[in-house]
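The structure under discussion appears below in the form of structure tokens.
The values are calculated or read from the model by the stated rules, or taken from the named source; none is laboratory data. Just so it is clear, the structure is predicted and the values come from calculations on it, not from any experiment. In this analysis, Cβ positions are derived from the backbone assuming ideal geometry, glycine residues included, and neighbour counts consider all displayed protein chains.
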Amino acid sequence: MLHSPVLEILQRLKRSTGMPVRELSTLMKMSYMGVKQHCVELEKAGILDTWRRPKGAGRPEKLYRVTPKANVIFGLHGTSLALDLLATAERVYGETAPPKLLYSYFQAKTESWAPKLAKAETLPERAKLLAKLRSAEGCISELETGADGQISLVEHHRPLRELAKTHDIVDELECEMIERLLGCEVRRSVEEVSGLVRVTFQIKTTRE
């Protein structure tokens, strides 16, 4: 089982495009060499790799970043079982069975989370609560506010990624669920870099 410093390193790197050991050690309040040792071991295991960022002067800075192999550590929430169950449902009940089951799943999730979000008085507060609920399910979700005041739900991990590859309705249902929970229009976009995915749900505040 991974111990907490390693998990914290992975969590912080998962939220970024890469960080140097110096920055990690400052944020984690750990020694430079302690963090460096963990990063080296994770790189040997293929969970991290490195790249060089040019600096204004001097040698380029070495940054560590997570690789797609890290997805195993963050978990995929029983994806294999879900895919098998949906395939079985399709064989037994026909091609409309998987979409119906997925719709029921997201409907139940909406009904479960709605009372918790109802406690929040404003849209940003609801979005922040939703980010916490999504993070608890492995999405590594956080609320970001742009210079123009635009807020977005940004997620650095997709537990349902493999499921969505087979059943593309998953992305649509997930976005609709977030719209219903926040009570406004949401625009979804996906950015993939080096096999890692960043999903942004831009929240249209004008309909609050």
Among the residues of region 158-186, which ones are aliphatic (A, V, I, L, M) and under 18 Å from residue 98 (Cα atoms)? 160, 163, 164, 169, 170, 173, 177
Pick out the one residue from 173, 143, 130 that is over 30 Å from residue 88 (Cα atoms), modelled with pLDDT of 95 or more and within 17 Å of the chain's Cα centre (by Cα). 130
For region 26-71, what are the residues that are assigned to a loop (DSSP other than H, G, I, E, B) and under 21 Å from the mean Cα position of the chain (by Cα)? 46, 47, 67
Output the residues belonging to region 41-71 that are surrounded by 13 or more Cβ atoms within 10 Å (Cβ to Cβ) and farther than 27 Å from residue 158 by Cβ. 61, 62
Residue hits (region 1-16; at pLDDT below 80 and under 16 Å from the mean Cα position of the chain (by Cα)) are 7
Of the residues 153, 133, 163, only one is touching a helix residue (DSSP H, G or I) at 6+ places or on another chain (Cβ under 7 Å), outside the structural domain of residue 15 (by TED's automatic domain parsing), within 27 Å of residue 47 (Cα to Cα) and not in a helix (DSSP H, G or I); which? 153
Given (1) under 24 Å from residue 14 (Cα atoms); (2) loosely packed, with under 14 Cβ neighbours inside 10 Å, index of the condition residue 130 fails: (2)
So, first residue in the same structural domain as residue 142 (by TED's automatic domain parsing) in region 119-130, second residue among the small types (Gly, Ala, Ser), Cβ within less than 6 Å, six or more apart or across chains; the pairs are 126/120; 129/120
Quick check on my filter: what residues within region 166-187 are outside any helix (DSSP H, G or I), farther than 22 Å from residue 86 by Cβ and charged (D, E, K, R)? 185, 187
